Every structure is written in structure tokens, then in C-alpha cells.
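Read through the structure below, which is laid out as C-alpha cells, and then see the notes.
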Amino acid sequence: MALASRARKIRVADREIECGVWDDREVAAFAPTVVLDCAFLTRDRVADMPLDEYVAANRALTERLLHATRLPGVRLALTVSSGAAVHPHDALDRRIEDNPYGYLKREAENRLAQAAADSGAVPVVVRAWSISGAHVQKPDGYALGSMIRDAEAGAIRIMARRPVFRRYVLAEELLAVGIAEGGVGPAIVDSGGELVEMGELASRVTQVVRPDALISRDEVDPRDPDRYHSDGQDWETRCRRWDLASAPLERQIEITARGVLGRA
């Protein structure tokens, strides 16, 4: 049973999936056993709407997750969280105004754990720090997607004047590991992947997408680098546990480019 913010059809590979809208009675009648929750207003929406409306909208989505988790028969409830919940510190240690997105994600993590403890379901949190894949939404808002489009157009301009480090994994790999862990017990899974700075990422994107694309960047001040990423160790440990050969960065770029550039 697929649900979305509005009724529509989506295509995943060669399958067309009908998405309905949330209805308490219909969800209960469906009698789910596994709940996968990706519903949340993202960080970019904070600037688009009053804070109280942003908070209310996301807490309403969390309430739906909790409602589904408590339904009889649900044995696994997985929610997609974010590194913002714990970076650069536990978001609940500060005011909600300081980091609304991270605060509400961390709050949802805790509330899922409690709801699952009450119902007997297994709670799983997968924290997507930086992810890749053919179905990444709003690619222009993120480094990898925007670089792919810029490379295709012939030139990548890196605006960051300080080092910026990220780790990428495929979204489907993160979900697969989360579901596998949920078969064993409660888990919080942090995404990982190879550590890469934006200059190197741009170079590797051009190698895959368009080798003759130009890369430009002003002089970089090495002080105060942007390190929004996990330490990668949790991800590596879990990949070894499930014998998952996580896709290397070049393969991730290829797959992401299919969606971003509309290639078959």
C-alpha cells in the first residue's frame, strides 16, 4: 500500500505504482505488517513557510507513523531520518528554532522507539546523511545531482570556498540494510560510503558524465571545513554483516545520472 501527499501514479523501473492518500481506516483495513516511512517536509521548506506551520506539518506526519506502528500485526516500522538529527550535536539539546528539521527528525526517532516498545514492533531508523540513486528528489538542491546536470551542460562551478566533505550510498542500499537489521532487532543505521571532498567529487562526476566538462572554483581556505558526514564505520560494519558490496562512487554517479538526466 503506497501513500503520498496526493493521489498519483509513480513509475519505479518498469512498474507503475498507484499512490493513495492517508486515511486511518483504509490503512488499518490494509493490515500492514511492515511500515516504511519517508514522509517529511525537508530542510529547504523551513525558509518557505512559518516555523509553527512547518513544525505542525511534520509532527502530523510523525503521528501517522506512530499510528501505523501501533496497528495490530505490524512487526517492523522503519523511518528515514537524517544526519541533521545528531550533527553537529544531538538536535534535541538545543532549541527547535536552531535546527527545526534536525530537531523534528530526532524527535520522530525517539517517538518511534517509544511507540514500537508499546506495540511490540521493531523500530528501525536509517539516517540518510548523503544519498544517491536514480530516484533522488530535487537534485538541483544537492551537490551530486547539481554537479551531474552541470557536467552534462559542460561546466561545473564549485561555489564553496572551504573544504566540503561528504559520504554517499545508494538510497536502495540504505533501505535494504535497514530492513535486514529490522529482521534481527531495533537498529539505528547511519549511511556511510567513501569520504570525498567536493573538488574530487566534481572530477569523478565529469569522468562518468562528460570527461571534457570544465571544473572551476575559487581559492579554498582550508580552515573550518564542512564535515557533514558520519564516520562511516557503522555502515561498513553492517555491510560486512549482510555481505553487501556497497556500490562504489562511480557506480553511484552512473545510477544517479540515469534519473537526473532522464537516461534509460
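The values are calculated or read from the model by the stated rules, or taken from the named source; none is laboratory data. Model, not experiment: these values are computed from the prediction. As a convention, Cβ positions derive from the backbone with ideal geometry for all residues, glycine included, and neighbour counts pool all protein chains shown.
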Residue within the range 120-138 that is in contact with a helix residue (DSSP H, G or I) (Cβ under 9 Å, 6 or more places away or on another chain), surrounded by fewer than 24 Cβ atoms within 10 Å (Cβ to Cβ), part of a helix (DSSP H, G or I) and charged (D, E, K, R) present: no
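Among the residues of the range 78-96, write down those that are more than 16 Å from the chain's Cα centre (by Cα) and crowded, with 20+ Cβ neighbours inside 10 Å. Steps first, please.
Step one: of the range 78-96, the residues more than 16 Å from the chain's Cα centre (by Cα) are 88-96.
Within the range 78-96, Ala91 is the sole residue that qualifies.
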Please enumerate the residues belonging to the range 136-146 that are more than 11 Å from Thr256 (Cα to Cα) and either touching a His at 6+ places or on another chain (Cβ under 9 Å) or touching a residue at least 40 places away in the same chain (Cβ under 8 Å) (or both). Lys138, Gly141, Ala143
Given the residues Ala155, Ala151, Ala176, which is the only one that is over 28 Å from Tyr54 (Cα atoms), surrounded by fewer than 17 Cβ atoms within 10 Å (Cβ to Cβ) and more than 14 Å from the chain's Cα centre (by Cα)? Ala155
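Working carefully through the options Ala60, Ala56, Ala115, find the one that is part of a helix (DSSP H, G or I) and in contact with a Lys or Arg (Cβ under 7 Å, 6 or more places away or on another chain). Walk me through it before giving the result.
Values: Ala60 fails: in contact with a Lys or Arg (Cβ under 7 Å, 6 or more places away or on another chain); Ala56 fails: in contact with a Lys or Arg (Cβ under 7 Å, 6 or more places away or on another chain).
So the residue among Ala60, Ala56, Ala115 that is part of a helix (DSSP H, G or I) and in contact with a Lys or Arg (Cβ under 7 Å, 6 or more places away or on another chain) is Ala115.
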Go through (1) at pLDDT below 95; (2) over 22 Å from Thr79 (Cβ atoms); (3) not hydroxyl-bearing (Ser, Thr, Tyr) and name the single condition Gly141 misses. (2)
Run down Arg75, Arg43, Arg95 and say which single residue is within 27 Å of Gly185 (Cβ to Cβ) and of a type in the set (Lys, Arg). Arg75
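Which one is surrounded by the fewest Cβ atoms within 10 Å (Cβ to Cβ), of the residues in the range 1-37 that are of a type in the set (Gly, Ala, Ser) and assigned to a strand (DSSP E or B)?
Start the filter on the range 1-37 by keeping residues that are of a type in the set (Gly, Ala, Ser), which leaves 2, 4-5, 7, 13, 20, 28-29, 31.
Okay, now just the ones that are also assigned to a strand (DSSP E or B), so 2, 20.
On the way: Ala2: 12, Gly20: 15.
Taking the candidates together, the pick is Ala2.
Taking the options Ser203, Ser191, name whichever one is under 25 Å from Ala77 (Cα atoms), touching a residue at least 12 places away in the same chain (Cβ under 8 Å) and among the hydroxyl-bearing types (Ser, Thr, Tyr). Please lay out each step first, then the result.
On the way: Ser203 fails: under 25 Å from Ala77 (Cα atoms).
Unique residue meeting the criteria: Ser191.
Do we find that Val184 is among the aliphatic types (A, V, I, L, M) and without any contact (Cβ under 8 Å) to a residue 40 or more places away in the chain in this structure? Write out each step before concluding.
On the way: among the aliphatic types (A, V, I, L, M): yes; without any contact (Cβ under 8 Å) to a residue 40 or more places away in the chain: yes.
In short, yes.
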Condition (residue is under 27 Å from Glu181 (Cβ atoms) and of a type in the set (Lys, Arg)) applied to the range 214-223: is it met by at least one residue? no
If I go through the range 4-59 residue by residue, how many of them are of a type in the set (A, V, I, L, M, F, W, C) and more than 23 Å from Ala134 (Cα to Cα)? 15
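Let's see how each residue does on (1) over 28 Å from Glu181 (Cα atoms); (2) touching a residue at least 40 places away in the same chain (Cβ under 8 Å):
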residue: Asp44; (1), (2): yes, yes
residue: Asp48; (1), (2): yes, no
residue: Val55; (1), (2): yes, yes
residue: His67; (1), (2): no, yes
residue: Ala91; (1), (2): no, no
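Only one residue in Ala56, Ala39, Ala31, Ala60 is hydrophobic (A, V, I, L, M, F, W, C), under 25 Å from Val125 (Cβ atoms), in contact with a Gly (Cβ under 7 Å, 6 or more places away or on another chain) and at pLDDT 95 or above. Which one? Explain how you work it out, then say what you get.
Details: Ala56 fails: in contact with a Gly (Cβ under 7 Å, 6 or more places away or on another chain); Ala39 fails: in contact with a Gly (Cβ under 7 Å, 6 or more places away or on another chain); Ala60 fails: in contact with a Gly (Cβ under 7 Å, 6 or more places away or on another chain).
Answer to the check: Ala31.
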Does Ser81 satisfy the criteria of being at pLDDT below 95 and either closer than 24 Å to Pro123 by Cβ or in a loop (DSSP other than H, G, I, E, B) (or both)? no
If Ile253 satisfies all but one of (1) within 18 Å of the chain's Cα centre (by Cα); (2) within 24 Å of Leu112 (Cα to Cα), what's the number of the condition it fails? (2)
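Give the range 197-213 a look and list any residue that's over 19 Å from Arg167 (Cα atoms) and surrounded by 13 or more Cβ atoms within 10 Å (Cβ to Cβ), or say none.
As a first pass, look at the range 197-213 and keep what is over 19 Å from Arg167 (Cα atoms): 209-213.
Of everything in the range 197-213, those that are over 19 Å from Arg167 (Cα atoms) and surrounded by 13 or more Cβ atoms within 10 Å (Cβ to Cβ) turn out to be Val209, Arg210, Ala213.
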